[in-house]
1. For Thr25, state whether it is part of a helix (DSSP H, G or I), loosely packed, with under 14 Cβ neighbours inside 10 Å and not assigned by TED's automatic domain parsing to the domain that holds Gln199.
2. Out of everything in segment 74-104 that is hydrophobic (A, V, I, L, M, F, W, C) and outside any helix (DSSP H, G or I), what residue ends up being farthest from Ala238 (Cα to Cα)?
3. Given the structure, is Ser219 under 19 Å from the mean Cα position of the chain (by Cα) and at pLDDT below 95?
4. Got a sec? Which of Phe70, Phe87 is surrounded by fewer than 18 Cβ atoms within 10 Å (Cβ to Cβ), in contact with a helix residue (DSSP H, G or I) (Cβ under 8 Å, 6 or more places away or on another chain), closer than 21 Å to Ile213 by Cβ and at pLDDT 85 or above?
5. Take Val188 and tell me if it is over 20 Å from Ile9 (Cα atoms), at pLDDT below 90 and assigned by TED's automatic domain parsing to the domain that holds Leu122.
6. In segment 53-85, which residue that is closer than 17 Å to Gln199 by Cα and among the β-branched types (Val, Ile, Thr) is farthest from the chain's Cα centre (by Cα)?
7. From Ala108, Ala114, Ala130, which residue is small (Gly, Ala, Ser), surrounded by fewer than 18 Cβ atoms within 10 Å (Cβ to Cβ) and modelled with pLDDT of 90 or more?
8. Of the conditions (1) touching a residue at least 40 places away in the same chain (Cβ under 8 Å); (2) exposed (fewer than 12 other Cβ atoms within 10 Å of the Cβ), Gly32 fails just one. Which one is it?
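The values are calculated or read from the model by the stated rules, or taken from the named source; none is laboratory data. In this text, all values refer to a predicted model and were calculated from it rather than measured experimentally. Every residue, glycine among them, receives a Cβ derived from its backbone with ideal geometry; neighbour counts consider all protein chains shown.
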Amino acid sequence: MGLLVYPLIQGREADWPAWTYLMMTASVLAAGLLAAWSRRRGLRGHGTLIETSVFRHRGYSAGLGCVVVFSAGMAGTLLTLTVYLQFGEHFSAIHAGLTLAPFAAGPAVGAVLAATVVVPRLGRGGLQVAAVLIGAGAWWLRDVIAAHGLATSSAELIPAQLVLGAGIGMLISPLFDFILASVRDHEVGSASGVLNAVQQLAGAIGVAAIGTIFFSTLSRHGFTAAISQSLAIELGVAAVLFVLAWALPRRPREAEAEAAEAESSKAEPPVTAAAPEPVSSARR
């Protein structure tokens, strides 16, 4: 992680010297060595850090891609929005925080809708609805800022942030349950641990990568163009999430388990009560 994130953060300021590319290449090699070591230990019957068999499930690999793309995009977008408000709009820290409050309130609404309405009715289609909301919110936010520039008020940003935040909450709250539905019971612990680790790593990479793009655009074209570029990346994130959701299981893990239990109970032959034995007539 350090081999990848450090050059992404320092590379732009150092004008991307050779050591930045060498470190990023070394990070890929280190990840490959870790995977090979874990696989070898598994083949020898020893305990492994990661159950490599989880990556053989198409739904899990697609879900891992969702986590990477979503976490990187969200972390990077939130960073650049904060920088734009404080240094572009010259809002105070409190003013910027209050301006971004709808961005935090939206996920609470989206999570409730996902748990009570969207996922029970649409299954994984609910994740695609969430991706559409994320894309619509990012586009709306970008359009508002492009129209008003550095004179954009806090009130003008509220509706787009609510839509974007609702999409985020609707996606992230059930996402892990959908991903874990694709692995076997003995793989759940390792699969969950990898998801959490990748989520943190992707957030750090998103801050470094999108932040680098933001500041590079800022130095040439100003704040409005820089934040527009960041929100355009978030639009791409929404499109990738929409496509990857097709490869996830149709229902979350708990619903899959309940459905399997219901099917197994239907498959079992009904238990019929034994017919009563005829009562012999009393002896005369």
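1. The answer is yes for Thr25.
2. From segment 74-104, those hydrophobic (A, V, I, L, M, F, W, C) are 74-75, 78-79, 81, 83, 85, 87, 91, 93-94, 96, 98, 100-101, 103-104; that's our starting set.
Those still in the list that are outside any helix (DSSP H, G or I) too: 91, 100.
Working: Phe91: 28, Leu100: 20 Å.
That would be Phe91.
3. It is false that Ser219 is under 19 Å from the mean Cα position of the chain (by Cα) and at pLDDT below 95.
4. Phe87 is the lone residue from the list that is surrounded by fewer than 18 Cβ atoms within 10 Å (Cβ to Cβ), in contact with a helix residue (DSSP H, G or I) (Cβ under 8 Å, 6 or more places away or on another chain), closer than 21 Å to Ile213 by Cβ and at pLDDT 85 or above.
5. Values: over 20 Å from Ile9 (Cα atoms): yes; at pLDDT below 90: yes; assigned by TED's automatic domain parsing to the domain that holds Leu122: yes.
Spelling it out, Val188 is indeed over 20 Å from Ile9 (Cα atoms), at pLDDT below 90 and assigned by TED's automatic domain parsing to the domain that holds Leu122.
6. Checking each candidate, the answer is Val54.
7. Going through Ala108, Ala114, Ala130 in turn, the sole match is Ala108.
8. If we test Gly32 against (1) touching a residue at least 40 places away in the same chain (Cβ under 8 Å); (2) exposed (fewer than 12 other Cβ atoms within 10 Å of the Cβ), just (1) comes out false.
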